[in-house]
Amino acid sequence: MKNKQILAILLAALMTAGSLASCGEKEAAETQAAADTDAAEAVETEEVDPFADMDLGGESIRMMVSSREKDGIVPSIFAIQHGEELTGEVVSDAVYNRNIEVEEMLNIKLEFTADDQSHETIGASLTQLLTAGDDAYELIIHELFPLATLSVQNSFLNVFNIPHLDFSKDYWYDDYMSDTSFASEDKRYILAGDYFLDVYRSAHALYFNKDRFTDLYGAPEELYDLVLEGGWTHDVFLQYSEGAYQDVNGNGSRDADDLYGFSTYGYWGPIIPWVIGADITFLEYNEDGSPYFAMNNERSIKLLEQLNRIFHGEGAYDYQADFSLAFINGSSLFGGYHRVAHMENFRDMEADLGILPIPKMDDSQENYITSSHDTTNVGVIPITCSKSDIIGVVLEVLSRESAESVIPAYYETSLKTKYVRDDQSAQILDIIRQNISCVFPVAFGNYCGNLALYNAFSAPLGSKSTDFVSNYVKHEKTAQAKLDELWEAFSSVEG
């Protein structure tokens with residue numbers, strides 16, 4: 001009714017002005033009327049915050065948060081735990097304001113315990129804690145690999161049973177979480193979303209030296225256009241990589257003094273983003289929901305051949321521990337085995353920097369696929385948690401507010417303007433973030449005999465073998481037995 005009254009008044013005013021108003025004035029008035037109508041409707045349809053009047057009685061929410069530095073990357077605890085005061089640093093202040101506002105809104109106290117254990121020790125420590133029935137934490141934020149293994153051992157609460165968590169919201173990474181639970185519709189233990197910024201910071205990306213690209217090929221916008229048009233593939237990457245090799249010292253042999261297209265660090269870690277990024281089908285499911293390995297196909301065969309070209313071709317060089325330095329110093333056109341957070345380490349790089357997703361394997365692949373590392377910090381609610389009735393409220397609000405403030409602060413300010421030096425790179429960052437998926441191989445690969453990544457691809461690549469089938473068959477039976485064991489353990493977990 002209110003909208004109609006507003007519109008009627010405006011129309012009456014227009015009619016009175018009649019002959020005095022020009023056509024342009026009439027159009028302006030009509031436009032303003034439409035804007036007023038939209039504004040009124042927006043006010044009337046504004047959603048009510050379901051948590052606005054929720055008082056949790058001053059409860060403490062205790063979190064264990066990983067503070068371990070990984071591969072030269074500053075730990076993401078800065079996005080979880082706030083400092084004592086505002087500092088003027090955009091991300092730090094966004095985290096501080098988010099936490100204080102959530103504490104005041106819900107009447108809670110957030111308490112943090114930093115933990116610098118690695119994936120090699122945290123599993124045993126948590127097992128000891130949980131076995132003793134120690135109700136020390138409501139939330140544990142630590143590395144994916146050990147937490148995934150513990151998730152099938154009755155260590156954590158099924159988050160589907162936690163009230164107030166709404167995984168349909170964009171600030172939860174629903175596909176990511178589903179992949180750690182065999183796409184189960186009633187069981188889920190791993191939490192990932194905008195509150196857990198490390199998932200994005202640990203996402204793999206391909207960096208390139210824009211100055212070298214310009215010298216070799218011309219405008220670097222050519223690469224961005226390829227990505228945005230969907231044409232960034234292995235074959236295209238190889239053309240640029242192989243064409244970048246230069247025998248600088250003129251000795252006729254490939255050595256560390258030369259210039260290359262692609263710097264890498266062995267084969268195990270660096271192949272992870274290339275294998276996952278190739279859209280390989282790792283698992284398929286029987287009618288009862290049980291999984292089985294389904295990798296022995298033409299696509300996997302082709303991928304191993306492609307990996308040999310990428311890692312052993314003329315354009316590539318294995319710099320081992322100096323692979324990042326080789327890229328920073330300009331020895332290679334493309335820098336492999338880096339993550340989004342490594343961009344923070346490149347701020348002093350003299351050459352101009354660009355960022356790309358891992359290429360598609362071929363033109364038949366629909367989307368770019370981003371892998372997130374096995375040391376990614378994710379969340380779990382320990383089975384000893386005695387506040388399961390309220391932890392969902394806290395996590396939902398923290399996640400929502402992270403999407404509103406912390407993610408924009410990090411994503412828009414720190415990455416897009418502080419480190420990335422062009423608008424198209426900002427679009428590439430969007431593509432990388434929006435396509436993080438396929439977590440099972442890094443979460444459970446070691447549990448399942450290392451078939452999916454190491455035995456199927458890394459090991460044969462290390463010996464320059466392109467024989468996928470015979471190598472795969474050799475390990476498949478053992479890996480499937482471990483996968484069956486994993487499925488049985490997952491199926492038997494209570495809740």
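Among the residues making up segment 363-399, those that are charged (D, E, K, R) and surrounded by fewer than 22 Cβ atoms within 10 Å (Cβ to Cβ) are ASP363, GLU366, LYS387, ASP389.
Taking segment 450-465 as the range and being surrounded by fewer than 18 Cβ atoms within 10 Å (Cβ to Cβ) and either on the phi > 0 side of the Ramachandran plot or assigned to a helix (DSSP H, G or I) (or both) as the test, the residues that pass are ALA459, GLY462, LYS464.
For segment 286-301, indicate whether the set of residues that are small (Gly, Ala, Ser), in a loop (DSSP other than H, G, I, E, B) and in contact (Cβ under 8 Å) with a residue 24 or more places away in the chain is non-empty. Yes, segment 286-301 contains a residue that is small (Gly, Ala, Ser), in a loop (DSSP other than H, G, I, E, B) and in contact (Cβ under 8 Å) with a residue 24 or more places away in the chain. Scoring LYS418 on the criteria (1) in contact (Cβ under 8 Å) with a residue 60 or more places away in the chain; (2) more than 19 Å from ILE77 (Cα to Cα); (3) in contact with a His (Cβ under 7 Å, 6 or more places away or on another chain) leaves a single failure, condition (3). The residues of segment 159-193 that are in contact with a helix residue (DSSP H, G or I) (Cβ under 6 Å, 6 or more places away or on another chain), in contact (Cβ under 8 Å) with a residue 60 or more places away in the chain and in a loop (DSSP other than H, G, I, E, B), listed by number, are ILE162, PRO163, HIS164, LEU165, TYR171, THR180, ILE190, ALA192.
For every residue, the table says whether it meets (1) assigned to a helix (DSSP H, G or I); (2) at pLDDT below 95.
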position	(1), (2)
VAL236	yes, no
ASN251	no, yes
ASP257	no, yes
GLY269	yes, yes
VAL275	yes, no
THR281	no, yes
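Hey, any hits in segment 87-95 for a residue that's outside any helix (DSSP H, G or I) and under 22 Å from the mean Cα position of the chain (by Cα)? No - not one qualifying residue is present in segment 87-95.
Against the definition (surrounded by fewer than 21 Cβ atoms within 10 Å (Cβ to Cβ), modelled with pLDDT of 95 or more and not in a helix (DSSP H, G or I)), how does TYR447 come out, yes or no?
Taking the combined requirement at face value, the residue does not satisfy it.
Among the conditions (1) assigned to a helix (DSSP H, G or I); (2) outside the structural domain of GLU101 (by TED's automatic domain parsing); (3) in contact with a helix residue (DSSP H, G or I) (Cβ under 7 Å, 6 or more places away or on another chain), LEU415 misses just one, which is (2). Suppose we keep only residues that are part of a strand (DSSP E or B) and of a type in the set (A, V, I, L, M) within segment 98-154. Which one would you say is farthest from HIS373 (Cα to Cα)? It comes out as ILE108.
So is ILE428 under 27 Å from LEU150 (Cβ atoms) and either assigned by TED's automatic domain parsing to the domain that holds ALA148 or touching a residue at least 40 places away in the same chain (Cβ under 8 Å) (or both) or not?
Details: under 27 Å from LEU150 (Cβ atoms): no; either assigned by TED's automatic domain parsing to the domain that holds ALA148 or touching a residue at least 40 places away in the same chain (Cβ under 8 Å) (or both): yes.
Here the answer is no, as ILE428 does not meet what is asked.
Out of curiosity, is GLU47 in a loop (DSSP other than H, G, I, E, B) and at pLDDT below 90? When the stated conditions are applied, GLU47 passes them.
Restricting to segment 82-127, and then to whatever is over 19 Å from ILE391 (Cβ atoms) and in contact with a strand residue (DSSP E or B) (Cβ under 7 Å, 6 or more places away or on another chain), can you tell me which residue is surrounded by the fewest Cβ atoms within 10 Å (Cβ to Cβ)? That would be ALA114. In contact with a Leu (Cβ under 7 Å, 6 or more places away or on another chain) and modelled with pLDDT under 90: does that describe ALA33? For ALA33, the condition - in contact with a Leu (Cβ under 7 Å, 6 or more places away or on another chain) and modelled with pLDDT under 90 - is met.
Could we say that ALA321 is over 25 Å from the mean Cα position of the chain (by Cα), over 17 Å from PRO441 (Cα atoms), assigned to a helix (DSSP H, G or I) and at pLDDT below 95 here?
Considered against the rule, which asks whether it is over 25 Å from the mean Cα position of the chain (by Cα), over 17 Å from PRO441 (Cα atoms), assigned to a helix (DSSP H, G or I) and at pLDDT below 95, ALA321 comes out as no.
Restricting attention to segment 464-495, the residues that are farther than 22 Å from ARG188 by Cα and either among the hydrophobic types (A, V, I, L, M, F, W, C) or modelled with pLDDT under 95 (or both) add up to 7.
Residues that are of a type in the set (Lys, Arg) and without any contact (Cβ under 8 Å) to a residue 24 or more places away in the chain: does segment 397-414 have at least one? No, the conditions are met nowhere in segment 397-414. Residues considered: PHE182, PHE156, PHE145. Of these, the only one that is aromatic (Phe, Trp, Tyr), closer than 30 Å to LEU356 by Cβ and either modelled with pLDDT under 95 or buried (at least 23 other Cβ atoms within 10 Å of the Cβ) (or both) is PHE145. For PHE327, only one of the following conditions fails: (1) surrounded by fewer than 23 Cβ atoms within 10 Å (Cβ to Cβ); (2) touching a Gly at 6+ places or on another chain (Cβ under 7 Å); (3) part of a helix (DSSP H, G or I). What is its number? For PHE327, the failing item is (1).
Looking at segment 90-125, which of its residues are closer than 30 Å to MET54 by Cα and among the polar types (S, T, N, Q)? Hits for segment 90-125 are SER92, ASN97, ASN99, ASN107, THR113.
The values are calculated or read from the model by the stated rules, or taken from the named source; none is laboratory data. Here the structure is a predicted model, which means the values were calculated and not measured. For neighbour counting, all protein chains shown are included, and Cβ atoms are generated from backbone atoms with ideal geometry for every residue, glycine included.
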